[in-house]
Structure formats: structure tokens, C-alpha cells
Amino acid sequence: MKKNMPPDELARDGRFVRVNMVERISDPRNGRGPTGGRVGARLTPDRPGAPDAARALMHGIFVGEIQALEGAGRTCWDFEVGAGSDDVPFQLKLDMARQCWDEARHCEISVKLSEWMGTEIGEFAESTFLFEAACNPDPVLRLTGVNRALEGLAIDVFNTMKEFGNVVGDPVLEFCEDWMLADEVTHVKMGSDWLRRLTVDDPERRKRALEFQRIVDKLFSGGGFRGDDEDSPVHLARRFREMAGFTVDEIDEISDLARQARAEARARTAGATAGAAAEAG
């Protein structure tokens, strides 16, 4: 079996529709406009289109769990045990194997939840950005991009869906999201711990890894989708992030990145509106 398999070789059946990140952000069913700016609001029962937004988010969780399983599995296989810069400790492989077990269970739960919510596999598109982050050739950057940034996003999403299930009176959704949320905290904690252990004598490598994490975090905060603002569709789960090894300063930085992304999306929207008005005039 080859090492460092590219994203376009991921196996999918005919139910799945794959799009790139730009196309996914532009999909109006994901609650965003053609310029990537948010058009929805916090996920509550009285939000316009709330059922569709919840179903789209659930489908996104499902495909994310598949890629998280694939990414953790690739990390087990792609790296050798040793002391080289591209090697990893055997204990890290054990942690990734444990994560594969969790992610496989999450896939099963997510399929059942999607059916419960009236969603079919493939109703919403899949992008491969999570797996792309799991293809980084440096195991430390892979851990920060996946286990800290994207699994950190999963903490925020699961907590949001758990709260939504509680508000709408859906104990099945609330219980399942709470169950998976507990696993995500351990996944992010593993990433936080291994980042510090693998870079204890290499501050420059840690700096590069954290910068890669910021890039991923900013991308998934696009248009204010995830942040601390009251009307952010997905709220930062600060308490759970602290449990997972994030410092308060790191969480504040993610919140600031979300506000920057929101401001940039507004600027793009304003520019597009002005351009359309000029053409019409």
C-alpha cells in the first residue's frame, strides 16, 4: 500500500458528490452567499431554514468523520517509528489507531443521525480539505492541522448541534452529539500533547506547526461561520477547548481570526455589490 496517498484517490461510491472548497463555500444550502459571506445566523429553531441548515451541518459532520478516519489511518501508515524528523514515536501511532476506532464509530452514528434528520448520503457535497490537511508530510504539522484545528472545529460543531438538539427537544440528537463531543476533546488533547512533546527541543518547528494551524482555522472561520459573536452559526466551545489543551490566548486568537474572516467576507460582498451596480449603471 502506497504512503502519502493523494486526496483524489480516496474511495467513494456513486452517492458522493465531490467539490472543491470554493464550490462548497458558494453552495447556498450551506448558509453562505456566492462570495463566501454568511447569510444565516446562529443555529436556533426560529432561524429561517433551520432544518435544512441543521441537516447540511450534519452531512458535513458525516463526511468529516470519514476523512478523519482516513487521515488518522494514514498517519499510522505513512510514518515510521524512529528518531528522524519524519519519524514518530510508536505511542503516537497507538493514539492514532485509537482515534481510528473512535472515528469509525462516529461514522456509524452520523449515518444514523442523518437518517433520523431526513438526510440522504450525498444530498450535500463533500470537499476533501480535512484529508488534504492530513496529507502534510510533516507529522507535527499534520497533528496541528487535523487534531488541533479541524478536530477543534469539531468540538465547536458538536457542542452547537448538542445545544440545538436540546432546544428543539430532540434527545437522540443531543445524546449522540454529546457522546461524540467527548471523543473529540480527547482527539484534540492528543494533538496538543504531541505537539508539545515532538517540538520540545525545536521551537522553530513548533512555530511552523502553529502557523499552519492558524491557516486552517482561518479558512474554517470564513464569513464568521465559527466564532464568539452572538450570531455566529457555530460558537467557540471555550470550556471544552480548554479541556483539550488550548490556552485562553489561543482561543482568543481563533476568535480574532473569525472576526477578521467575517470582515473580509463583508468587504468582498460590498465589492461585488458595487461592481454589479456599476455594470448595471
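General remarks:
- Of the residues screened, E123 is one that is surrounded by fewer than 17 Cβ atoms within 10 Å (Cβ to Cβ) and touching a residue at least 24 places away in the same chain (Cβ under 8 Å).
- Helices (runs of 4 or more DSSP H) contained in the stretch 54-152 and holding at least 1 residues closer than 22 Å to L181 by Cβ and among the charged types (D, E, K, R): 90-116
One line per residue, one yes/no per condition, for (1) in contact with a Ser or Thr (Cβ under 7 Å, 6 or more places away or on another chain); (2) modelled with pLDDT under 80; (3) surrounded by 14 or more Cβ atoms within 10 Å (Cβ to Cβ):
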{"site": "E9", "(1), (2), (3)": "no, no, no"}
{"site": "V19", "(1), (2), (3)": "yes, no, yes"}
{"site": "V22", "(1), (2), (3)": "no, yes, no"}
{"site": "I25", "(1), (2), (3)": "no, yes, yes"}
{"site": "T35", "(1), (2), (3)": "yes, yes, yes"}
{"site": "G40", "(1), (2), (3)": "no, yes, yes"}
{"site": "R47", "(1), (2), (3)": "no, no, yes"}
{"site": "A50", "(1), (2), (3)": "yes, no, yes"}
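- Test set (1) without any contact (Cβ under 8 Å) to a residue 60 or more places away in the chain; (2) in contact with a helix residue (DSSP H, G or I) (Cβ under 7 Å, 6 or more places away or on another chain); (3) under 19 Å from Q99 (Cα atoms) - K162 fails condition number: (3)
- Number of positions in the stretch 178-224 that are more than 15 Å from the chain's Cα centre (by Cα), of a type in the set (D, E, K, R) and within 21 Å of M58 (Cβ to Cβ): 1
- Candidates D217, D193 - the one that is surrounded by fewer than 22 Cβ atoms within 10 Å (Cβ to Cβ), in a helix (DSSP H, G or I) and out of contact with any Ser or Thr (no Cβ under 9 Å at 6 or more places or on another chain): D193
- Of all the criteria given as (1) closer than 21 Å to A237 by Cα; (2) touching a residue at least 24 places away in the same chain (Cβ under 8 Å), the one not satisfied by D178 is (2).
- Residue in the stretch 235-245 that is touching a strand residue (DSSP E or B) at 6+ places or on another chain (Cβ under 7 Å), in contact (Cβ under 8 Å) with a residue 60 or more places away in the chain, surrounded by 14 or more Cβ atoms within 10 Å (Cβ to Cβ) and assigned to a loop (DSSP other than H, G, I, E, B) present: yes
- So N159, is it in a loop (DSSP other than H, G, I, E, B) and either closer than 30 Å to A267 by Cα or in contact with a Lys or Arg (Cβ under 7 Å, 6 or more places away or on another chain) (or both): no
- Put simply, of A133, A209 the only residue that is farther than 28 Å from L113 by Cβ and small (G, A, S) is A209.
- From the options R206, R142, residue that is surrounded by fewer than 22 Cβ atoms within 10 Å (Cβ to Cβ) and not hydroxyl-bearing (S, T, Y): R206
One line per residue, one yes/no per condition, for (1) modelled with pLDDT of 75 or more; (2) touching a helix residue (DSSP H, G or I) at 6+ places or on another chain (Cβ under 6 Å); (3) closer than 24 Å to L195 by Cα:
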| site | (1), (2), (3) |
| --- | --- |
| D229 | yes, no, no |
| V234 | yes, yes, no |
| A244 | yes, yes, yes |
| D256 | yes, no, yes |
| A278 | yes, no, no |
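- The numbered conditions (1) in a helix (DSSP H, G or I); (2) out of contact with any Leu (no Cβ under 8 Å at 6 or more places or on another chain) are all true for G169 except (1).
The values are calculated or read from the model by the stated rules, or taken from the named source; none is laboratory data. Bear in mind that the values here come from a model prediction, so they are computed numbers and not experimental data. Neighbour counts run over all protein chains shown; Cβ positions are idealised from the backbone, glycine included.
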